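Report on the following structure.
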Amino acid sequence: METGRRATLTPEMFEPVGMDAQEGERIAGPPSNFWRDAWRRLKRNKVALFGLVSIVFVIAAAYVGPLISGYGPYAQDLSVRLQGSSSEHWFGTDSFGRDLFTRVWQGTQISLYIAFLAAFIDIAIGIGYGAISAYYGGWIDSVMQRIIEILVGIPNLVVVILVMIILQPGILTITFALVITGWVGMARLVRGQVMQLKEEEFFLAARSLGAGTGRLIWKHLIPNIVAIAIINLMFTIPNAIFFEAFLSFIGLGITVPQASLGSLVSDGYKFLQGDSYLLWFPAGVLCLLMISFNLLADGLRDALDPRMKK
Amino acid sequence: MLRYTARRLVIAVFTLFIIATVTFFIMQLLPGTPFNDEKLSDEAKAQLEAKYGLDDPLVVQYARYMANMAQGDFGNSFYYNNTPVLGILLGRFPVSAFLGFQAMVVGVFVGMALGIVGALKHNTFWDSTATVVAVLGISIPSFVLGPLMQYWVGVKLGWLPIAFFDSWKHSIMPSIALSVFVIAIIARFMRTEMLEVLAQDYITLAKAKGLSALGVVLRHAVRNSLIPVITVIFPLVVGLVTGSLVIEQIFAIPGIGELFVTSIVVSDYFMIMGTTVFFAVLFVVALLIQDIAYGIIDPRIRVSGGKE
């Protein structure tokens, strides 16, 4: 047995197969990039995916709902006041006989509109301010940071209420009030990021190769802060939805006959004893929206920036 | 440390100064005068304006306003029988403070417990429960949670009084409704910090030298996780005040939040401004305490002069 095996080993068996230097470099799959990786990580996160799906669902419902209900959001019909859910009025009717289903989705549209608008303006100002402050540094940075330091000390509750008192209430006023203080957080975040990026080698390399200020900012800084901006955006939106609803609830928000989720909750609360469905339907949509955005934001943070897991 | 504290103090005072100035100019921008009564003749109006100094130049009015405010005089409320704003505020403060304090205590302890359990039983049923509670607590606004509790606990089950503030029992539901937000924030924070601390070498050492599991958790893990919790003092105070506006309104509690919302509804401007400045002082003090506490604990912040 022993000898038999030894006999089968011949020198021919040890010939080199010949290695191709290129073979090891061959890319097996399609190339991945940052966004594809992030999407892959997000897809694995079932909870975040649930958030994404339900946000898409709510947005779709907000725009389709009023169209298929067959009622106008402001159309009153006093003969059908305060009726519970029925096949005619899916969410019932309010004290003016208006169709609650239509009003809830119409209100969702307005809430979403305010939240998205405020969040995007926040991000735009925040990125601009933060990037300029960090990029130029020196006394410009000092002055800009002192301004921020003071703004941070003034809580948005105070500012928002003061603004709402002097300006005419309405969608744009609420957005404006939210933006005044909202951008500060983003500006601080971007400044911190840019300060870090400025010390990186790729940035030094780009500068040594003679890249101008515009190119440095647009090609090297902005792409590197997009992820953090998106994460911040996703946390800003539910915050804005909450604040708009809060303002409407304490009587500083949307004016009648327009409605937002907050003002519908506020109106419905008055009927808590008898016709509580007027409260539960808008409150349910509001909570679903808030939960979904928070879940998606958490998931996105883990997916886009695994280091930032907090 | 002294230099750092002084710097924070200067910023705090400056912030208050700006808020007071802004409120003054907002008062000027408001339409009409306090004497918009149809029954008043022009002559009587002029007399009243002269009496209250409203016909003085803006600079004089501004100086008087700032001087008054520095002495705690915010003017008189139109709605509440022309009584001084400060008096009403101070009269109502204990109720709000009690409610806020109770909510804070409940929130911090429950939140910490949830966070600690979540971290110790990482990636188990308990951890998921703690996370779900945290997400719900942040997502469900107090003005939805309040009515929800009133409806089920108050009306349907009849366990607790629905509104007003007559006994300690009346404070249970509003306190819980207020504390949910605190629970959520603290639980989240505590869980993350604990997970980080539990991975440290000194925890392994503590275990290796034979400390009991409870000893390791209490004496080493929890203690070290607590330090960064200071950074959430300010957001918590702001959150509690924001929550109190609606919670006091919903539960008909005679606190500052309810007062503020009523003042907005009846356009009682001196009351609104007084309360706003009152809140601003509260927030600025909270931020100051947070910054100084953090400076004491983390020397790096003192040196760089501010946190990033």
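Laboratory data are not the source of any read-out in this text; all were calculated from the coordinates shown. Just so you know, these numbers come straight off a predicted model, no measurement behind them. In this analysis, Cβ positions are derived from the backbone assuming ideal geometry, glycine residues included, and neighbour counts consider all displayed protein chains.
Here are a few things to note about the model shown:
- Simple spin-label estimate for A:L49 and B:W152 in nanometres, 7 Å along Cα-Cβ: 3.0
- Percent of C-alpha pairs per 5 Å bin in the range A:220-276, short distances first: 4, 18, 18, 14, 13, 9, 8, 7, 5, 3, 1, 0, 0.
- Annotation: amide H of B:N76 within the under-5 Å range of B:V85, sequence separation 5 or more or interchain, hydrogens built in the peptide plane.
- For A:S95, the residues whose modelled amide H falls within less than 5 Å of its own, excluding neighbours fewer than 5 places apart on the same chain, are A:L82.
- Dipole magnitude for the protein assembly as shown: computed about the Cα centre from +1 point charges on Lys and Arg Cβ and -1 point charges on Asp and Glu Cβ, it is near 1580 debye.
- The share of Cα pairs per 5 Å bin across the range B:1-102, counted from zero up to the longest distance, runs 2, 9, 13, 18, 18, 15, 10, 7, 4, 2, 1, 0, 0 percent.
- Of interest is the spacing of the C-alpha centroids, which for the range B:101-144 and the range A:41-77 amounts to 28 Å.
- Estimated vicinal HN-Hα couplings, Hz - the range A:34-50 in sequence order (Karplus 6.51, -1.76, 1.60; Gly, Pro = x): 4, 5, 5, 4, 4, 5, 4, 5, 5, 4, 6, 8, 4, 5, 5, 5, 4
- For the protein assembly as shown, calculated [θ]222 nm from helices alone, where every DSSP H run of n ≥ 4 adds -39500 (n - 2.57): -23000 deg cm²/dmol
- Helix axis angle, A:277-304 relative to chain A longest principal axis, alpha carbon, degrees: 20
- The value of relative contact order for the range B:161-278, using C-alpha pairs under 8 Å at least six residues apart, is 30 percent.
- A crude spin-label estimate for the pair A:T10 and B:D201, with each label 7 Å from Cα along the Cβ direction, gives 6.0 nm.
- With θ taken as phi - 60° and the Karplus curve 6.51 cos²θ - 1.76 cosθ + 1.60 applied, the whole-hertz 3J(HN,Hα) list for the range B:127-137 is 4, 4, 4, 4, 5, 4, 4, 5, 5, 4, x Hz, x standing for glycine and proline.
- Sequence-distant aspartates and glutamates (8 or more away, or on other chains) whose Cα lies within less than 17 Å of B:K45: B:D37, B:D55, B:D56
- Peptide B:141-152, shielding by other chains (average Cβ, 10 Å cutoff): 6
- Compactness ratio for the range A:54-172: Cα radius of gyration over 2.2 N^0.38 Å (N = residue count) comes to 1.61.
- Entry for the protein assembly as shown at q = 0.09, 0.11 Å⁻¹: log10 I(q)/I(0) = -0.85, -1.24, Debye formula applied to identical alpha-carbon scatterers, no solvent contribution.
- Extension gain for B:A67-B:K169 works out to 32.5 nm (0.36 nm per residue, less the C-alpha to C-alpha distance).
- Value of Rg/Rh across chain B [Cα atoms, Kirkwood radius]: 1.07
- Whole-number percent relative contact order across chain B, with pairs defined as alpha carbons under 8 Å at least 6 apart: 25
- Annotation for the range A:206-307: trypsin sites (Lys or Arg not before Pro) lying in DSSP loop with at most 14 further Cβ atoms inside 10 Å of their Cβ are A:K270.
- Highest-first packing order for the peptide set B:137-145, A:187-195, A:14-22 is B:137-145, A:187-195, A:14-22, based on the mean count of other beta carbon atoms within 10 Å.
- Leading residue at positive end of dipole, the range B:183-308 (Cβ point charges), from B:F260, B:F234, B:L218: B:L218
- Anisotropy class of the range B:45-97 from Cα gyration tensor, a/c 1.5 cut: oblate
- 3J(HN,Hα) from dihedral phi, the range B:158-166, Karplus parametrisation 6.51/-1.76/1.60, rounded to Hz, x for glycine, proline: x, 7, 10, x, 7, 8, 6, 9, 9
- Normalised Debye scattering of chain A at q = 0.07, 0.11, 0.15 Å⁻¹ gives log10 I(q)/I(0) of -0.43, -0.81, -1.20, counting only Cα atoms as equal scatterers and leaving out solvent.
- With at most 12 neighbouring Cβ atoms within 10 Å, loop trypsin sites (Lys or Arg not before Pro) (DSSP) excluded, longest segment of chain B: B:40-208
- Restraint check, A:K270/B:K39; A:K270/B:K169; A:K43/B:K121; B:K121/B:K207; A:K46/B:K121; A:K270/B:K156, Cα-Cα greater than 27 Å: A:K270/B:K39
- Relative contact order of chain A: 24 percent, from C-alpha pairs under 8 Å at least 6 residues apart in sequence.
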